[in-house]
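Taking it in order: structure first as structure tokens, then the write-up.
The values are calculated or read from the model by the stated rules, or taken from the named source; none is laboratory data. As the structure is a computational prediction, the values presented were derived from the model and not from experiment. With ideal geometry, Cβ positions are generated from the backbone for all residues, glycine too; neighbour counts draw on all protein chains shown. These area figures cover heavy atoms from the full protein model, side chains too; ligands, DNA and RNA do not enter into them. Shrake-Rupley method; radii C 1.70, N 1.55, O 1.52, S 1.80 Å.
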Amino acid sequence: MINREVKKSPAFMFAVTVLVLACLALVFMGSLVAAPKLLFGRSLTAISPDSFPFVILTLMALLCVLQVGMQVRGFQIESGPALGKDGWYRGTYFFAILTGYALMMVPFGFQISSTIATALLSVQMGNRNWAQIAVLSICGPSLLYLGATRLLAVSLPELNVIELAYGSLLGG
Amino acid sequence: MLRKTIKMTSSVMVAAGMALGLSSGIAHAEFPEKPITMVIPLGAGGSHDLNARVVTSIIPSYINQAMIVRLTPGAGGQKGTQEVANSAADGYTLLFTHNYIDMLQQHVETLPYDPGADFKPVARINYAPIAVVVNADSPYQTFEELIAASKEKPGGIQMAHSGNWGALFVPAAQVMKALDVSWNLVPYQGGGPAMQALLSGDADVTMGFPSALAPQLAAGKVRVLATAGAERIYEDVPTLAEVGVEGDVGFMHRVVLTPADTPDEVVEQLTGAFKALAEDKTFVRMMGRLGENVDILDGPTYEAMRKEQSVAYKDLVEKLTSQ
Amino acid sequence: MIEQFIEGFGLALRVDTFVMMGLGLFGGMLVGALPGFTTLMAMAILLPISFFLDPIVGIPFLLGIYKGGIFGGSIPAILVSMPGTGAAVATSIDGYKLTQKGKSRKALDMALFSSVLGDMSSDIFTMMMIFPIAYLVMQFGPPELFAVLLMSLVIIAATSGSNPMRALIMMLLGIWLSFIGTDPLGGVERFTFGLFELKSGIPLLPMLIGVFAIPEVASVVMRNEKARHLAGLMGERLTWAEFKKTLRTICRSTVIGTGIGTIPGLGQVVAAMMGYSAAKNASDHPETFGEGELEGVAAAEAANNAVNGPTMVPLLTLGIPGDNVTAILLGAFVAQGLRPGPQLFDEQGATVFAILIAMVFANLMFLAIGYLSIPFFSRLVTIKVSVLIPLVIMFAFAGAYVFRSDSVDLLMLVGFGIFGIVARAAKFDVMPMVMGFILGEPMEYAFGQTVAMANGDLAGFFLGDRQGALAVLLVIPAIGFLLWRRMRKTIAH
């Protein structure tokens with residue numbers, strides 16, 4: 001009875017996922033939310049830590065049920081524009097680069113991880129001008145790092161070797 | 001295209017690996033080489049914030065680097081404390097906190113860190129005695145009147161505090177226990193909002209420190225009913241001990257902590273800088289403007305106090321939550 | 001009072017005041033344009049410098065940084081859909097669409113003009129009405145705050161246009177995300193699954209960049225829009241005619257923003273969204289909002305700047321700052337020997353007025369500074385995609401890290417990016433989710449405070465003491481319903 005198309009659509013899957021998560025959270029609320037403390041026999045907080053979550057999750061579950069119901073009957077089934085297979089590949093590669101960047105930044109330092117990420121992204125977007133890629137991926141992070149740490153006094157993760165190199169380069 | 005990408009990626013990886021290998025040595029450089037961050041686990045505008053602003057404006061001349069305040073309120077002070085606990089023990093991230101967050105909290109919650117073991121003090125900047133204040137147009141002229149009214153209507157008196165187990169909450173709980181009264185404790189995001197609640201009439205009583213009280217007192221907007229400490233601060237205002245609340249009540253020590261593994265030379269340098277503040281005329285003058293005292297204690301001296309506090313607070317918490 | 005004002009006027013007209021303000025405005029704009037590198041940080045670092053300047057030079061300097069920063073935050077929001085603050089989100093809804101249509105310069109111009117107008121009107125109003133505003137501020141406590149926050153959320157959901165049900169679901173999801181961490185009242189852990197990293201909750205900035213900027217970039221990557229046919233088209237300047245059409249919206253937004261600034265705890269985010277929703281509701285073509293409507297940018301920007309005037313009032317009249325920015329200003333005041341509080345105007349009235357007047361002049365200066373800088377910024381998006389994308393990603397990651405110096409935030413950034421793409425594909429708008437996230441915690445806290453104040457008798461408390469808040473609460477369902485119906489009617493036409 002349920003339209004196959006609707007079942008596969010992103011909108012449907014999204015609503016169902018949220019519904020399931022909301023229900024799970026409601027059921028397991030006790031172990032997800034710690035109990036409040038007591039003072040002089042009364043609770044320390046006026047409202048219990050699980051009050052608001054209870055209300056919100058219940059509302060969420062109800063609305064999702066409505067939404068799924070409406071979709072099944074053919075209302076509100078719009079989804080975003082579809083992607084071709086090529087789009088999926090490019091997307092996966094893109095997020096792989098980003099995830100790698102996120103994992104690499106602290107152990108490898110800002111310069112190296114940014115150089116790798118920016119170079120790979122530039123190539124993925126079709127850049128073939130190697131000089132440009134080199135300048136972008138090496139000087140870009142470098143300038144950003146110096147500006148951030150020297151001018152704005154914020155800290156970015158960096159390897160000691162490179163920090164020392166900057167130090168001697170700038171005579172500081 | 002794919003092959004080229006792989007080639008490039010791998011060659012960069014090799015270079016990265018070499019760099020990593022080279023970087024295994026630890027560089028010793030002059031501390032501090034970059035600005036130091038002072039994390040305050042409390043909200044904007046409270047007495048801590050004000051004290052910190054004065055400290056961080058004067059201390060750069062003693063450490064030759066800027067010191068930046070970072071307000072990180074949340075979870076009763078745990079958020080900021082956790083941030084510092086997680087940070088590198090290199091002396092660039094300090095925690096400016098007070099004794100209630102530092103030594104008391106561990107007895108009321110399970111913390112993700114161990115204050116005694118994970119932190120060590122750099123310096124105690126000053127201490128502040130709490131004062132019980134009511135609005136100037138409140139019907140209570142003396143502390144006794146307040147207590148009498150509180151006994152008549154249990155839970156009817158609204159007390160604004162700055163967060164559970166915080167610097168206003170603990171003295172309030174101690175008063176409630178000692179004099180057997182029951183106030184309705186309403187939380188606010190810090191001493192500033194609590195004072196605002198008193199001024200707007202939402203709260204009947206609150207507590208405050210000299211720096212926050214000074215402008216309100218001068219303008220005649222609030223009345224002090226009792227103060228902490230062994231001696232009277234204001235001539236006609238009794239101390240808490242005089243009105244029946246005995247013991248170590250209402251003292252807040254403002255202390256700078258650093259992660260426990262911070263190298264000793266770094267800590268010594270920082271302590272030296274803080275101690276120099278006590279001699280700095282501008283610093284003393286500005287603190288005076290705030291209504292605060294200056295009483296710098298070095299790390300080891302305060303560490304001894306910390307240990308005593310931990311024992312005392314454990315006992316206090318047990319007494320307060322025993323019902 | 002008037003004599004102090006006139007004296008203050010004279011004090012403010014100094015060259016060094018204007019020079020330092022100009023520097024602050026320009027610097028603040030640049031820093032604000034980098035999401036994650038907050039103007040707050042910049043103000044904090046430069047605070048000590050202000051101590052060695054005259055108060056009439058140092059404090060306007062800090063204020064210049066702040067105001068420059070607010071506009072600066074709109075720049076990446078408009079150009080690359082990367083809002084650095086909650087307030088910039090409202091601007092990015094239409095601003096980015098305008099950039100995509102090749103009208104980035106118009107969008108930036110509009111943001112600048114409406115910001116300046118909103119801010120200046122609000123400053124002048126504040127100056128004239130300081131004490132009435134101070135009185136009003138005192139009337140608002142936690143119950144009122146809770147009521148207004150709840151109303152704001154309902155309004156946002158009701159005016160979201162095509163699909164309020166999905167908007168509501170996303171908003172609830174956002175509120176739930178704000179629960180993760182420790183609860184604001186008691187500090188107990190919620191939904192952290194025992195994970196240490198989650199105990200401080202989900203950080204805002206990585207979420208903002210993750211759900212707004214990353215999906216945009218990813219979409220360009222996935223569709224391989226190499227030939228960004230809009231490259232080279234930064235568009236023309238805003239025309240006077242276009243600006244005139246939006247004046248009414250700017251006025252409305254300024255009033256809304258000023259009103260919201262009077263209620264402690266609401267802030268720029270609520271103002272921007274309320275201004276935007278009001279404009280959308282009042283318009284006879286609401287369906288263009290969200291597709292690149294200049295009026296949308298004007299509405300959001302005027303409102304979020306108009307908040308600034310009244311925000312200074314509790315600081316000046318009580319000595320109690322309402323947020324981190326005013327806290328820094330308090331530090332600046334105190335260090336200069338100015339003690340904000342009830343006596344400030346008696347003792348130092350002229351100086352205070354001088355500072356406020358300088359703020360008004362700052363706006364005028366910013367008009368020039370901003371206008372001259374905009375061509376440079378709007379040109380930035382015309383560089384080729386294969387260079388722009390990597391740079392945007394690099395800035396996004398740097399900003400996300402700098403926010404809390406926590407590498408977990410980078411993973412959150414990527415995670416929210418993936419979520420953003422999924423939500424896009426499912427056509428569930430992320431904006432209500434972000435709003436729910438930002439406003440969820442203050443709302444819960446205010447409610448908790450309210451219940452504590454009521455001491456067990458909520459109904460009696462509201463009926464007896466807080467009729468204003470009760471009135472707002474009762475009106476919420478009606479407002480929500482009316483707005484929703486109006487939105488449906490006008491879109492259907």
Next item on the list: Report, in deg cm²/dmol and to the nearest 500, the calculated mean residue ellipticity at 222 nm for the protein assembly as shown, where each DSSP H run with n ≥ 4 adds -39500 (n - 2.57) and the sum is divided by the residue count.
Entry: -20500 deg cm²/dmol
Checklist line | A:GLU78-C:ASP465 FRET efficiency (beta carbon distance; Förster radius 45 Å; 0.05 resolution) | finding: 0.45
Next item on the list: Specify which residue in the list C:LEU474, C:MET487, C:LEU25 is farthest towards the positive end of the charge dipole of chain C, using unit charges on the beta carbon of Lys, Arg (+1) and Asp, Glu (-1), about the Cα centre.
Entry: C:MET487
Item checked: Electrostatic dipole magnitude of the protein assembly as shown [Cβ: Lys, Arg +1; Asp, Glu -1; Cα centre; debye, to 20] -> 4360 debye
Margin query: Give the aspartates and glutamates whose C-alpha is closer than 12 Å to that of B:LYS151, dropping any in the same chain fewer than 8 places away, or say none.
Written below: B:ASP180
Next item on the list: May I ask for the accessible area buried between chains B and C, both sides summed, probe 1.4 Å, to the nearest 100 Å²?
Entry: 3600 Å²
Next item on the list: Ignore the peptide's own chain and count Cβ atoms of other chains within 10 Å of each Cβ in A:101-113; give me the average, rounded.
Entry: 5
Notebook entry, point to check: What total accessible surface area, summed over both chains, is buried at the interface between chains C and A, computed with a 1.4 Å probe and given in Å² to the nearest 100?
Noted result: 5800 Å²
Next item on the list: Please tell me the relative contact order of chain C in percent, rounded to the nearest whole number, where contacts are Cα pairs under 8 Å and at least six residues apart.
Entry: 29 percent
Checklist line | Gap separating the Cα centres of segment A:111-172 and segment A:46-67, nearest whole Å | finding: 46 Å
Margin query: Residues of segment B:172-213 with backbone nitrogen within less than 11 Å of a virtual label 7 Å along the Cα-to-Cβ line of A:PHE54, please, listed as ranges.
Written below: none
Check: Which residues of segment C:164-185 bury at least 50 Å² of accessible area once all protein chains are present, versus their chain alone (1.4 Å probe)?
Finding: C:MET165, C:ARG166, C:ILE169, C:LEU172, C:PHE179, C:LEU185
Notebook entry, point to check: When chain A is treated as a GNM, springs tying every alpha-carbon pair under 10 Å, which of A:ALA34, A:ALA131, A:ALA46 comes out with the largest mean-square fluctuation?
Noted result: A:ALA46
Notebook entry, point to check: Within chain A, which DSSP H helices have Cα atoms that stretch 27 Å or more along the helix axis and a mean Kyte-Doolittle hydropathy of at least 1.0?
Noted result: A:51-72
Check: Bin by bin, in steps of 20 Å, what percent of the Cα pairs in the protein assembly as shown do you find, going until the bin that has the longest distance?
Finding: 13, 46, 35, 6, 0
Notebook entry, point to check: Over chain C, with a single point scatterer placed on each C-alpha, what log10 of the ratio I(q)/I(0) does the Debye formula yield at q = 0.13 1/Å?
Noted result: -1.31
Notebook entry, point to check: Taking segment C:337-426, which trypsin sites (Lys or Arg not before Pro) meet the DSSP loop condition and have no more than 16 other C-beta atoms within 10 Å?
Noted result: none
Check: Over chain B, what lengths in whole Å, largest first, do the semi-axes of the equivalent ellipsoid take, defined as the square roots of 5 times the eigenvalues of the alpha-carbon gyration tensor?
Finding: 43, 22, 19
Note to self: Averaged across C:381-388, how many Cβ atoms of other chains sit within 10 Å of each residue's Cβ atom?
What the structure shows: 4
Check: Rounded, prolate or oblate: which fits chain A when a ≥ b ≥ c are the square roots of the eigenvalues of the alpha-carbon gyration tensor, with rounded for a/c under 1.5 and prolate only if a/b beats b/c?
Finding: oblate
Notebook entry, point to check: What's the FRET efficiency of B:VAL311 with C:TRP240 using the Cβ-Cβ distance as r and R₀ = 56 Å, to the nearest 0.05?
Noted result: 0.15
Notebook entry, point to check: So what are the radius of gyration and Dmax for the Cα set of segment B:257-323, in Å?
Noted result: 16.6, 50
Item checked: Cross-link pairs B:LYS177/B:LYS307; B:LYS79/B:LYS153; B:LYS79/B:LYS120; B:LYS34/C:LYS199; B:LYS79/B:LYS177; A:LYS85/C:LYS384 - those with Cα-Cα distance over 27 Å -> B:LYS79/B:LYS153; B:LYS34/C:LYS199; B:LYS79/B:LYS177
Check: What longest region of chain B stays clear of GluC sites (Glu not before Pro) that DSSP places outside H, G, I, E and B and that have at most 11 other Cβ atoms within 10 Å?
Finding: B:31-230
Next item on the list: Using a cut-off of 9 Å between beta-carbons, work out the net charge of the residues near B:ARG254 (Lys and Arg +1, Asp and Glu -1, B:ARG254 not included).
Entry: 0
Note to self: Can you give the local net charge around C:GLN139? Use residues other than it whose beta-carbon is closer than 12 angstrom to its beta-carbon, Lys and Arg +1, Asp and Glu -1.
What the structure shows: -2
Next item on the list: Identify the residues of segment C:137-172 with backbone N under 16 Å of a label point that sits 7 angstrom from the Cα of C:ALA478 along the Cα-to-Cβ direction, or state none.
Entry: C:151, C:155
Next item on the list: Starting from the Cα gyration tensor of segment C:146-257, take the square roots of the eigenvalues, sort them a ≥ b ≥ c, and report rounded, prolate or oblate (rounded when a/c is under 1.5, otherwise prolate if a/b is larger than b/c, else oblate).
Entry: oblate
Margin query: I need the shape label for segment A:83-172. Rule: rounded when a/c is under 1.5, else prolate if a/b > b/c, else oblate, with a, b, c from the alpha carbon gyration tensor.
Written below: prolate
